[in-house]
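Here is the structure we will look at.
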Amino acid sequence: MPHLPLRLVRTTLRPLYRLTLNARLPYSVQRRLLEAAAPIQPLPKGTVVRKVTLGGRPAERVTVGATERPTAVLYLHGGAYTCASPATHRSLVAHLAAATGSVVYTLDYRLAPEHPYPAALDDAVAAYIDLITEHGVDAASTPIVGDSAGGGLSVATARRLIDRHGVTPAALGLLSPWVDPGSRTVPFDRDVVVNTAWAFSSAEAYLGTGDPADPGYAPLHGDLTGLPPTLIQVGVSEVLYPQISEFAEKLRTAGVDLEYTEQPELWHVAHLQAGLVREAAEAVDDVGTFLRRHMSGAAAAGTHD
């Protein structure tokens, strides 16, 4: 499928997200709308999706080309901890599988408000432990990647894996990571994707009776020392831009090996539109290049099918 003009896609997405990510709609309706829209985002040729279980939760195993690969990635989807799923992120994950030459596992972690914090974190940690204990995956070559809420969740997952299990993922790939859901300091109330009414209500649903300064909920407030090499990509016109740039500076101060990229043209997690927009596809390819540097085996050599 040929790529579409960036401005056209951005203009089209704005009302779509405004309709779907609506704090006045029940979360069940938001979830159905997102899944209904997901097929608009095409899959790369040769994509194979298999249903699996990780840590007791449903997941998808996604490959492009050869279905057996020497390396793997755990992907944690965004959606403000209240919506989205492996189905809504299947296109992005497949493009990432192509860019890394790896198997990418997408976890269907539990969502709020039915399952508030720390349910998603518990599920993500269990999934990674399952990968390295039951699926023959080596943590030293297995990154965690996540977007938006899934980006914050990726950091919290890595922190718990290091502190409680002595396991350090190979790298972190963070796409517009939501690292402080409790923050209400924003430059404006809406960007192409995120509106603060929806984000703040979702943040409260996920927090439940917890502490908004808990680093498992808000990694911005946690100890960042010892985290693996990290990539962050963020659009400069995003609602979350200030907290993400602050987080990047804290990573640098903590001595984390950081690759930080600001994207002047792209919107919040435009990577979801990698099958539609050339610039989004290039951003995913950049993530793949970063991850391959920190992964061992054939995929690290950068071979694409």
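Some values worked out for this structure:
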read-out: Per-residue [θ]222 nm for the chain (sum of -39500 (n - 2.57) over DSSP H runs n ≥ 4, rounded to 500); value: -11500 deg cm²/dmol
read-out: Inter-centroid distance (Cα atoms) of region 136-173 relative to region 183-210, Å; value: 24 Å
read-out: Most mobile of A37, A99, A199 in a GNM of the chain (Cα contacts under 10 Å); value: A37
read-out: Dipole magnitude of region 6-295, debye to nearest 20 (Cβ charges: Lys/Arg +1, Asp/Glu -1, about Cα centre); value: 820 debye
read-out: Length-normalised contact order for region 6-295 - Cα pairs under 8 Å, 6+ apart - percent; value: 20 percent
read-out: Local net charge near G222, Cβ-Cβ under 9 Å (Lys/Arg +1, Asp/Glu -1); value: -1
read-out: Sorted by Cβ neighbour density within 10 Å, fewest at the top, the residues V186, V145; value: V186, V145
read-out: Highest-MSF residue in the chain out of L13, L276, L54 [GNM, Cα springs under 10 Å]; value: L13
read-out: Rg [Å, one decimal], Dmax [Å, integer] - region 1-132, C-alpha atoms; value: 15.6, 45
read-out: Counted charge near D180, where neighbours are those whose Cβ lies closer than 14 Å (Asp, Glu -1; Lys, Arg +1); value: -4
read-out: Residue with peak Gaussian network fluctuation, the chain [Cα springs, cutoff 10 Å], from P58, P177, P86; value: P58
read-out: Under 13 Å from the E279 label point (7 Å along Cα→beta-carbon), backbone N, region 171-203; value: 192
read-out: Cα Rg, Dmax, the chain, angstrom units; value: 17.4, 48
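Computed from the coordinates by the stated procedures, all read-outs in this text should not be read as laboratory data. Remember, it's a predicted structure, so these values are computed and weren't measured experimentally. Positions of Cβ are backbone-derived with ideal geometry, glycine not excepted, and every protein chain shown enters the neighbour counts.
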